[in-house]
Each structure stands twice: as structure tokens, then as C-alpha cells.
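Derivation of every value follows stated rules applied to the coordinates shown; laboratory data play no part. Source: prediction; values computed, not measured. We place every Cβ from the backbone using ideal geometry, glycine too, and count neighbours over all the protein chains shown.
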Amino acid sequence: MWIYPDCVAHRGGGKLAPENTIAGLRCALAHGYRAVEFDVMLARDGVPVVMHDPYLGRTVAGTGNVFDYDAAELVTMDAGRWFGAQFAGETVPLFSQFVEFCKANAIWMNVEIKPAPGFEEATGTVVAGLTRALFGLEIAQDDPARVPLLSSFSTAALGAARAAAPDLPRALLLERIAPGWEAQARALDVVAIHTSERHLDAQQAREVKAAGFGLFCYTVNDAARARTLRAWGVDSFCTDRLDLIPPDFR
Ligand code: G3P
Ligand code: MG
């Protein structure tokens with residue numbers, strides 16, 4: 001059963017604001033969204049930060065890997081200027097800062113654990129452990145719709161997240177739904193499958209739902225596709241085009 005919102009802003013504000021920034025979260029709010037997906041990885045000192053690429057150069061000026069820098073260095077780096085001059089000064093957020101903003105604004109979170117290669121278990125352990133600590137009250141109050149959903153393409157990260165915080169829900173990210181998906185999902189004890197809308201078909205959607213899992217798609221950027229997926233039984237999706245998804249999905 002899917003207890004979360006029907007539509008989620010991808011990487012914070014999708015493609016209407018610099019991805020994985022507080023400006024993106026403000027953009028989501030401005031478009032009426034109360035749910036976001038974002039990507040989390042570890043800085044050199046093990047502090048989780050919100051970034052998609054495991055290296056600098058695209059959204060953050062500079063060179064090298066994210067894990068070459070401590071969090072204190074990353075949070076001084078500009079993550080907005082690449083997108084537009086009006087976003088200059090937006091910095092790389094800490095995961096804890098993102099959570100604080102989302103909690104203050106009642107935004108539900110799909111936290112994608114995005115480990116750099118070689119850091120799968122460490123990232124799953126740290127992100128799940130910190131999430132559990134930050135949502136202790138919501139967990140204790142048995143209010144699951146207010147607790148983030150952790151997801152990852154990395155089965156090692158999901159396994160580590162499960163060990164660190166067994167009471168947090170997890171979702172398995174699969175670019176394609178291929179034979180063996182159900183056994184993998186059951187072994188990891190996930191509540192949902194998150195998959196690319198590009199490769200999903202109606203039969204696969206039926207199978208996932210019939211097996212009792214939630215079904216979420218990335219990244220759906222027009223209304224007609226959103227309606228088709230809903231008709232197939234897809235529970236929810238994330239979007240880069242917050243402006244093109246009709247209000248009945250929010
Ligand atoms: O979590 C869904 C989606 O964000 C996965 O792809 O590359 O945008 O993180 P990516
Ligand atoms: Mg992501």
C-alpha cells in the first residue's frame with residue numbers, strides 16, 4: 001500500500017531551479033508540492049551532503065570527487081550559479097539542513113542514497129542512521145506517512161540501511177524491471193519499486209502491484225504520461241517539470 005504523495009519534485013525543484021538546493025525546495029513549495037526526492041552521499045569526513053554527481057564540475061565548480069572534500073568545505077561551494085546568475089550563492093546543503101527545511105515546511109522526503117563507488121555500505125549506514133535519529137519522534141508516534149522513504153540503486157546500501165535502521169521504509173531503484181526483481185525486493189524487505197518510466201510497461205506494473213509493492217516512476221514530465229502511468233496502477237512519480245503536472249496529482 002502506498003501512503004505517500006502521488007507526485008514528488010525530482011532533485012528538489014526539478015529543472016526549474018538548481019537541483020538539490022534549498023532554492024529547489026522553495027521552488028517545489030511555490031508550485032504547490034509537498035513532497036521531494038533528492039540525492040545524498042558522503043563527504044570525506046562521513047557527513048552526508050545533498051548532491052547527485054559524485055564529482056565536482058557540473059553543478060559545483062571545481063574538480064575531484066565529493067569524497068575528496070570535508071562537508072565544511074562543500075557547504076561553502078556554490079551549487080546555484082551553473083543554473084542561473086540569480087541562483088548564485090546557493091550552496092551545497094548538508095542532508096541535515098535539507099531535513100530541517102522539509103520538516104519546517106511539512107515536505108515529505110524520498111531520500112535517494114547515492115553512494116560513490118566503494119562507499120555503498122558506509123553511505124547506507126550513515127544516511128539511514130541519521131534519518132532514524134532525525135525522525136525519532138515520528139517513528140515513535142507511529143506516523144509512517146511523515147517518515148522519509150529511503151531508496152537506492154545500490155543493494156549494498158539498502159542492506160546496510162536496513163541493518164542500521166530496520167524500522168525505516170526502503171525502496172529498490174531499478175532502471176528496468178527484469179526477471180528476478182521480486183526475489184531481490186523480498187530479500188531486501190523493501191516496500192516499493194522505483195523504476196524508470198521509459199522502460200515500464202502495463203504488464204510489469206500489474207505484476208509489481210499484484211506482488212504487493214508500491215510502484216513509483218522517475219522522471220515523468222508531462223500530464224499525458226502521468227495519466228497513463230496512473231491508469232496502469234503506478235502509485236506515484238517524480239517530475240522535473242513541476243509546472244506541467246496537473247494539480248490533481250499533488
Ligand atoms: O530516485 C529517482 C531518480 O532520482 C533516480 O535517478 O539519477 O535522477 O538520481 P537520478
Ligand atoms: Mg535521485
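Extending 7 Å from the Cα toward the beta-carbon at both Asp167 and Arg58 defines two label points whose distance is 3.7 nm. Direction-averaged projected area, Cα convex hull, region 126-250: 8.1 nm², rounded to one decimal.
Which percent, nearest 5, of DSSP beta bridges in region 7-239 are antiparallel? Bridges in region 7-239 that DSSP calls antiparallel: roughly 20 percent. Counting only DSSP H runs of at least 4 residues, each contributing -39500 (n - 2.57), and dividing by the residue count of the chain, the helix-based mean residue ellipticity at 222 nm comes to -9000 deg cm²/dmol. Taking the number of Cβ atoms within 10 Å of each Cβ as an exposure proxy, the fewest-first ranking of Glu120, Glu207 is Glu207, Glu120.
Computed log10 I(q)/I(0) for region 64-105 at 0.17 Å⁻¹: -0.55, from the Debye equation with unit scatterers placed on every C-alpha and solvent omitted.
Mean-square fluctuations from a GNM of the chain, with a 10 angstrom spring cutoff on Cα atoms, peak among Pro179, Pro93, Pro144 at Pro179.
Whole-Hz Karplus values for region 167-180 come out as 8, 8, x, 10, 10, 9, 8, 10, 5, 9, 8, 10, x, x Hz, taken residue by residue from phi with 6.51 cos²θ - 1.76 cosθ + 1.60 and θ = phi - 60°; glycine and proline positions read x. For Val47, the residues whose modelled amide H falls within less than 5 Å of its own, excluding neighbours fewer than 5 places apart on the same chain, are Ala71. This ranking places His194, His52 by how few other beta-carbon atoms lie within 10 Å of each, fewest first, which gives His52, His194.
Applied to region 89-99, the Karplus parametrisation 6.51 cos²θ - 1.76 cosθ + 1.60 on θ = phi - 60° returns per-residue 3J(HN,Hα) values of x, 5, 10, 5, x, 6, 4, 5, 5, 4, 4 Hz, with x for Gly and Pro.
Scaling against 2.2 N^0.38 Å puts the C-alpha radius of gyration of region 7-239 at 0.98.
Ordered by the count of other Cβ atoms within 10 Å of each Cβ, fewest first, Cys217, Cys7 give Cys7, Cys217.
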